[in-house]
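Presented below is the structure to which this report refers.
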């Protein structure tokens, strides 16, 4: 490994109590993110990736397990000094900024809350942050009303950087933006990481974006991490069958066919695992299941030091066909 | 904070609505008249315990534009001073009810859980009782006075603001900027006052304006029933009630006082409607 882990997620489980049942949103997840690295967490809706992000940023507390940022444990209650070190960039830039407050006030708020700098120092910092995200400091006096989605997301990123955080949790930061704007935001995020030495935890369902931004990927399915490894390995040689499905689901337009091609024999419907299910959660959708899949829940095992997967009937290493379709 | 471009844009849009401008004009005239009553009223002394039987019961003419009452007091002067009574009542009542109801709604809506249940059940209890009946009961318990009338109306009025603000807070607290402020460690008070309240302010202001008319009406109803300010303080509701004894012969007593109430309610309602239209489009 390249350095000390900045973020360590250790056997974290999150249960939600529903009216009649219990939902296991995050099921015994362990992950590490190295300093200056970018880990992408991918998975479909309901895979638990957003809940995991909520646990890390502290809007919810884990049912069991522990999350560490360096030497500090991240519970749901955390002191300001800890909160300062993590920032969140949300999915929807239209809801992220208060329509009745100026952009300066929005970016200033974290500094005021944390007592960073006096009035003029904050003023300079807001101008500097706006320049960092390639917006004009002249924008500071305006309210978000007339801003585009991309501009708003830049302001949200500037606000996230206001406390000089170490870890940026990016919850689908480009999914509600136009494709052309997405590319600019991704370029900005890459640039900021380089300049400021940031560590990113990146929640997304867009594998094309993963390729651009992330160095490592964790694939989640129904609350569990089913595969984790470097981006190149996951894209070129995925082992878990669910990763295969995700990669195959990237819509591609081939030359031979007219339309969008999706040929993979998976069930698309998400079947909730039956009560007290023992086997693999992906079993109901997996055409490659073997007998053991019904009875054994596969553990996330290292195939080498960097690449782990939880599949009893994995793809062979040379299976590369599904990894080529992404937007690169 | 200086006025933003959005504010001036809103003002321009308001100015384009003739009814809203008319309402603003009415309100401005009434407020000015009430403030400068001593200077504006033709016979300021008639506002108090003044008696002039020689000129009693005179119909409107050039000397007494709206006539005189049974003891010779100029009705126009008493209406102008009556506006002062009414506006003081409205401002005092809403000055108590709006902050109280807003605070209750903010806390209930943001805190959730038990605090929310307690605040909103108390609100429901107040809202379940007809406001005039409740206000009458409160005033009736004690000797009628202006202070008591205001307290009674305020007591029945704040729950409306609590409910209004509560509903807005419930949805605003899920907005990204509120989540973001919470995660960065901002205190609940800072979030409620700094992030949520500014987004409720236009709606509160609109309701404030609409309610000024309604509170004046409720205050007048109380004094019509003899539960308002005691004589000789000029009060529009009392004037309508007194004049009703002399209908139809001395028609100007009730009609002018009633018309004065109508004008005030109309003015504040037009302003409220205008504000609502302006704020609706800015979102």
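Helix B:197-224 and the longest principal axis of the C-alpha atoms of chain B enclose an angle of approximately 30°. Along each principal axis, taking the top coordinate minus the bottom one, the Cα set of chain B gives 76, 46, 27 Å in descending order. Take the Cα of residue A:305, step 7 Å toward its Cβ, do the same at residue A:63, and the gap between the two points is 3.6 nm. With N counted as the residues of the protein assembly as shown, its alpha-carbon radius of gyration over 2.2 N^0.38 Å works out to 1.33.
The antiparallel fraction among DSSP beta bridges confined to the protein assembly as shown stands at about 60%. Over the protein assembly as shown, dividing the summed -39,500 (n - 2.57) contributions of all DSSP H runs of at least 4 residues by the number of residues returns a 222 nm mean residue ellipticity of -15500 deg cm²/dmol. Stretching residue A:13 away from residue A:164 to a fully extended chain increases their span by 51.4 nm, per 0.36 nm per residue minus the current alpha-carbon distance. Here the calculated FRET efficiency for residue A:45 and residue B:29, from their Cβ-Cβ distance with R0 = 51 Å, stands at 0.30, rounded to the nearest 0.05. Maximal additional length on extending the residue B:244-residue B:11 stretch stands at 79.7 nm, based on 0.36 nm per residue less the C-alpha distance.
Note on chain B: with a GNM built from Cα contacts shorter than 10 Å, the maximum mean-square fluctuation among B:244, B:231, B:152 falls on B:231. Using C-alpha pairs under 8 Å with a sequence gap of at least 6, the mean separation divided by the residue count of chain B gives a relative contact order of 25 percent. Inter-chain neighbour count for A:98-107: the average number of beta-carbon atoms from partner chains within 10 Å of each residue's beta-carbon is 5. Note on residue A:195 and residue A:148: with the Förster distance fixed at 35 Å, the Cβ-Cβ geometry gives a FRET efficiency of about 0.90. Label positions at residue A:141 and residue B:50, each projected 7 Å from the Cα along the C-beta direction, are separated by 5.3 nm. Computed from the C-beta positions of residue B:251 and residue B:122, the FRET efficiency with R₀ = 56 Å rounds to 0.80.
Springs join every pair of Cα atoms under 10 Å in this Gaussian network model of chain B, and among B:11, B:212, B:239 the largest mean-square fluctuation is at B:11.
Packing around the peptides B:117-127, A:125-135, taken as the average count of other Cβ atoms within 10 Å per residue, puts them in this order, highest first: A:125-135, B:117-127.
The orientation-averaged projected area of the convex hull spanned by the Cα atoms of chain A comes to 18.6 nm². Please give the residues of the range A:196-214, grouped as numeric ranges, whose backbone N is less than 16 Å from a label point set 7 Å along the Cα-to-Cβ vector of residue A:232. So the set is A:211-214. Principal-axis analysis of the Cα atoms of chain A puts helix A:149-160 at an angle of about 80° to the longest axis. Contact order for chain A, expressed relative to its length and based on alpha carbon pairs under 8 Å spaced 6+ residues apart, stands at 19 percent. With the simple spin-label model, which puts each label point 7 Å out from Cα in the Cβ direction, the residue A:121 to residue A:30 separation comes to 4.2 nm.
Quick note: the coordinates plus some simple rules give every number you see, no bench work behind them. Just so it is clear, the model here is predicted, and its values are computed rather than measured. Here the Cβ is made from the backbone with ideal geometry for all residues, glycine too, and neighbour counts use every protein chain on show.
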